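The structure appears right after this line, and notes come after that.
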Amino acid sequence: MIETTVQKNTRLVKILIVVGIGMFGFGYALVPIYNVLCDITGINGKTNLEAVKEVLYQVDKSREIRIEFLTTLNEKTPLLFSAQTSSMKVNPGQYATVNFYAENTTDKTLVVRAIDSVSPGLTKDYFEKTVCFCFSEQTFKPHERKTMPVRFVVKPDLPAQYKTITLSYTFFDNTEKSVKK
C-alpha cells in the first residue's frame, strides 16, 4: 500500500500533536514529581511553610547543634539581605530566635518572597520554625529596612550523627506577579 503525501502529512501532524501534548503534560507534572523525588531522597530541605504553635520539648543539654545561616538573593532582587549572625549553637529542644535584615535598595515598592532550605535535607523533619518571614510575601517600600525574626527549635529526637544544620534563605522578587493579581 502506497501512502500519499496527504496521508503522510496527516500522520505527521497527529504525531506532532501527541508529542506536544505529552511535552506540556510532562512540564506540568515536573513540580509534583520534583517534590515527590525530593521527599523520597531527602535532598530538598524545604521546611513547613506555616506557623506552628510552640511545643515544649525536653531540652537535651548534653548536645549542642550548630545552626548556620546563609542568605542569598535571586540575581534580579534589588535588596540587601543578611543574618544577624552566621551561626549559633543550640541545645535540641531549646527555642532560639535569630534576626534577618533586609533593605530595599530601589525607589520602587518591592514584593519579595523568601524560599527556605535546610541542609542536610534529612534534618528538615527535626527543624521546626514557629515564626518566619518566609511564611508569606514581604512588601518593602522604597529604601525601607526590616528586621525579620525567625524563631525555631531543633527537635530533641534529631539523630546524634547530625552536629550542624544549615538554614538558607533566598529572596525572589515577586513584584510583577503581585501587581498582576
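Readers should treat all values here as calculations from the given coordinates under stated rules, not as data from a laboratory. As the structure is a computational prediction, the values presented were derived from the model and not from experiment. No Cβ is skipped: glycine too gets one built from the backbone with ideal geometry, and neighbour counts run over all protein chains shown.
Rank these for me by crowding, 82, 119, going from fewest to most other beta carbons within 10 Å.
With the fewest neighbours first, 82, 119 line up as 82, 119.
In terms of Cα to Cα distance under 19 Å, which lysines are near enough to residue 61, apart from those fewer than 8 places away along the same chain?
Qualifying lysines at Cα under 19 Å: 89, 155, 163.
If you line up the long axis of helix 5-41 against the longest principal axis of the chain, both from Cα atoms, how many degrees apart are they, to the nearest 10?
Helix 5-41 sits roughly 10 degrees off the main axis of the chain.
Normalise the Debye intensity by I(0) for region 65-180, one equal point scatterer per Cα, no solvent, then take log10 at q = 0.16, 0.19, 0.23 Å⁻¹ and round to two decimals.
So the normalised log intensities are -0.73, -0.95, -1.25.
Which cross-chain or sequence-distant (5 or more) residues have an amide H under 5 Å from the amide H of residue 87, H modelled 1.01 Å from N in plane?
When sequence neighbours closer than 5 places are left aside, the close amide H contacts are 69.
Amide H to amide H under 5 Å from residue 106: which residues, 5+ apart in sequence or cross-chain, H placed 1.01 Å off N in plane?
143
Kindly put 125, 157, 116, 107 in sequence by how many other C-beta atoms sit within 10 Å of each C-beta, fewest to most.
Listing 125, 157, 116, 107 from fewest to most nearby Cβ atoms yields 107, 157, 125, 116.
Spin-label point model (7 Å from Cα, Cβ direction): what's the residue 161 to residue 68 distance in nm?
Each label point lies 7 Å from its Cα, and together they span 1.9 nm.
Got the relative contact order for the chain handy, in percent, Cα pairs under 8 Å and 6 or more residues apart?
Values: 341 pairs, mean separation 49.9, N = 181.
Averaging sequence separation for qualifying contacts and normalising by length gives 28 percent for the chain.
Mean residue ellipticity at 222 nm from the helices of the chain, using -39,500 (n - 2.57) per DSSP H segment of n ≥ 4 over the full residue count, to the nearest 500 deg cm²/dmol?
Taken over the chain, the calculation gives -8500 deg cm²/dmol.
May I ask you to sort 150, 111 by Cβ crowding, counting other Cβ atoms within 10 Å and putting the fewest first?
Final ranking by Cβ density, sparse to dense: 111, 150.
Hand me the GluC sites (Glu not before Pro) from region 69-168 located in a DSSP loop with no more than 11 other Cβ atoms within 10 Å, in residue order please. Display every interim value, and only then the final one.
Details: sites: 75, 103, 128, 137, 144; in loops: 75, 137, 144.
Passing both the DSSP loop test and the Cβ count: 75.
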